[in-house]
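The values are calculated or read from the model by the stated rules, or taken from the named source; none is laboratory data. This structure is a prediction, so every number in the text was calculated from the model and none was measured. Here the Cβ positions follow ideal geometry from the backbone for every residue, glycine too, while neighbour counts run over all protein chains shown. These accessible areas exclude ligands, DNA and RNA; they are computed on the full protein's heavy atoms, side chains included. Shrake-Rupley method; radii C 1.70, N 1.55, O 1.52, S 1.80 Å.
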Amino acid sequence: MDVARPHKSLGETWLAVFAVLIAAIAALPHIGVLLAALASDLATLAHLADTVLWRYTSTTLVLVAAVGAGSFVIGTATAWLVTMTAFPGRRVFEVALVLPLAFPAYVLAYGYTHILDHPGVVQTTLREITGWGPRDYWFQELSSGGGAAMVLTLVLYPYVYLLARAAFLGQSASTFFAARVLGQSATGAFFRVALPLARPAIAAGVLLAMMETIADFGTVSYFGVQTYATGIYTSWFSLADRGGPAQLALGLLAFALFLAVLERTSRGEARFHNGRRQEGMARMPLGPAAQCGAVLACLLPVLMGVVIPVVALSVMALGSEQDLLSRRYIGFIRNSLTLATIAAVVTVAAAMVIGSFHRVQPGASSKLAFYLARIGYAVPGGVIAVG
């Protein structure tokens with residue numbers, strides 16, 4: 001017996017129209033980049049391949065791996081501590097651990113360069129105390145791949161923290177207690193039960209951090225690290241060619257898709273659920289030594305990602321002897337707030353439409369719109385503007 005498929009309501013129809021329109025607008029710059037890449041010859045790309053393309057690729061891969069690993073460790077560990085354990089200052093750290101996400105990575109790069117560079121306060125104090133000269137000691141060079149990885153990790157780990165914390169909060173205590181009854185320690189239960197259950201959320205956070213890393217230009221450019229993003233701008237301005245940057249941008253898109261497919265493939269057909277009984281997890285009490293360790297583990301990312309850069313930048317601002325409330329700076333603030341407000345409203349509205357369409361009308365069209373709307377996250381904004 002054939003059952004007639006219910007007709008879509010007018011609201012569902014308009015939801016589909018708006019979702020497809022949003023996805024099309026999001027895809028248009030990438031289509032422009034694709035057309036520019038296909039319409040151009042390979043002269044610029046061949047020149048880059050003979051000279052610096054391998055350096056761009058290897059540096060980008062190392063940087064992405066370092067930031068992904070650092071974000072995973074910091075974000076997951078701090079999310080578990082503030083969600084599942086009890087220690088002094090936990091409620092403050094729940095909020096404070098998100099704050100580094102509000103800072104552009106290159107702003108932290110400015111602050112740490114002011115502190116750790118050769119004329120900075122750290123090395124200057126070290127020379128004054130010891131009487132050493134510039135060649136009498138070794139100090140890690142901040143303008144390097146390691147420095148860029150550190151700064152990007154401090155800014156991007158909140159992606160993992162937010163999603164991991166939400167995943168841990170949604171877990172039932174039943175599975176964790178079952179692991180403890182079967183002889184697992186608290187640490188063993190975390191690695192065997194809690195962490196696998198939270199894996200999809202954590203993987204999504206790590207993927208976001210990686211995509212931000214491959215698209216970053218300000219930090220790597222300031223530190224003189226040559227990545228795909230710097231290669232795009234170099235070939236764009238120095239070689240006066242839009243085809244070369246478009247071809248490199250396709251490489252970034254392909255790499256972003258590869259990361260998403262890799263995570264999906266590694267997960268396979270596994271499905272994670274918490275069972276029917278949603279019993280909230282009681283926070284585990286910690287001993288004095290463990291409490292100190294938890295406080296330190298949560299305090300260090302906040303200190304390094306917020307407090308130290310803010311203090312350094314405030315000192316720089318006050319020492320600049322400029323009127324920070326002048327019309328020029330007020331204009332900067334007004335423009336920033338205007339752009340941020342418009343971008344936030346439009347982004348949230350578009351995301352709600354796409355998400356609702358994907359939930360209410362699951363299928364090939366909604367899935368395609370869902371992926372098209374987020375595919376450009378790994379592409380530098382300048383390339384999207386050109387597209």
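Compared with the alpha-carbon gap, the fully stretched path from R283 to S365 is longer by 25.2 nm at 0.36 nm per residue. The packing ranking of peptides 331-342, 47-58, 138-149, 193-204, highest mean first, is 193-204, 138-149, 47-58, 331-342, where packing means the average number of other beta carbon atoms within 10 angstrom of each residue. Among F370, F237, the order of accessible area from largest down is F237, F370, computed with a 1.4 Å probe on protein heavy atoms.
In this structure, the amide hydrogen of M284, modeled 1.01 Å from its nitrogen in the peptide plane, lies closer than 5 angstrom to those of T85, A86, counting only residues at least 5 positions away or on a different chain.
Couplings 3J(HN,Hα) for the range 211-228, derived from phi with the Karplus relation 6.51 cos²θ - 1.76 cosθ + 1.60 (θ = phi - 60°), are 5, 5, 5, 6, 8, 5, 10, x, 5, 5, 5, 5, 8, x, 9, 8, 10, 4 Hz, where x marks Gly and Pro.
Take every Cα-Cα pair in the range 5-132 and report what % of them are more than 26 Å apart. Above the 26 Å cut-off, the range 5-132 has 66 percent of its Cα pairs. Rounded to the nearest Hz, the phi-derived 3J(HN,Hα) couplings of the range 64-80 under the Karplus curve 6.51 cos²θ - 1.76 cosθ + 1.60 (θ = phi - 60°) are 4, 5, 5, 5, x, 5, x, 5, 4, 5, 5, x, 5, 5, 5, 5, 5, where x marks glycine and proline. Quick one: with all protein chains in place, what share of the accessible area of the range 24-89 is carbon or sulfur, to the nearest percent (1.4 Å probe)? Carbon and sulfur atoms account for 78 percent of the accessible area of the range 24-89. Annotation: peptides 25-32, 352-359, ranked by per-residue average of other Cβ atoms within 10 Å with the highest first, follow the order 352-359, 25-32.
Residues in the range 297-305 carry Karplus couplings, in order, of 5, 8, 6, 4, x, 6, 4, 6, x Hz; the curve used is 6.51 cos²θ - 1.76 cosθ + 1.60 with θ = phi - 60°, and Gly or Pro positions show x.
Taking the Cα centre of the range 1-111 as reference, the dipole from Cβ charges on Lys and Arg (+1) and Asp and Glu (-1) amounts to some 360 debye. As a rough guide to protection, the peptides 75-82, 118-125 ranked by mean Cβ packing within 10 Å, highest first, stand as 75-82, 118-125.
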